[in-house]
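**Student:** Have a look at the structure that comes next, please.
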């Protein structure tokens, strides 16, 4: 199963340059890397990245993260994937731009 992480340009650049990262500031503050499922990603983008441009959407293999990935209840009682270690470039299956059009982020077709 693929899970998704939205990164700002500087966060994505840091992961590429260093090979791993603790994540975005919210991830560092909470002590884990926040991910979303395909059905949760659009709401995550709207809530936490409204009007943000230059974003990158990362798809990662949940099973490959093993016991470091926990599913925890969060927004609206839904279970969200949380990674309790650094995210690594080796975790990334693909990365694609997440463009903004008319105030809405445009997600890749392969997520459907």
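Any read-out appearing in this document is the output of simple, stated calculations on the displayed coordinates, not a laboratory observation. Since this is a predicted model, take the numbers as computed values, not measurements. No Cβ is skipped: glycine too gets one built from the backbone with ideal geometry, and neighbour counts run over all protein chains shown.
**Student:** Between 39, 21, 56, which gets the highest mean-square fluctuation from a Gaussian network model of the chain, Cα cutoff 10 Å?
**Tutor:** In this elastic network of the chain, the residue with the biggest mean-square fluctuation among 39, 21, 56 is 39.
**Student:** Which of the peptides 82-94, 99-111 is most tightly packed, and how do the rest follow, judged by the mean count of other Cβ atoms within 10 Å per residue?
**Tutor:** Taking the mean over residues of other Cβ atoms within 10 Å, the ranking is 82-94, 99-111.
**Student:** Still on this structure, please answer the following. Sorted from largest down, what three extents in whole angstroms do the Cα atoms of segment 2-101 have along their principal axes?
**Tutor:** 35, 34, 24
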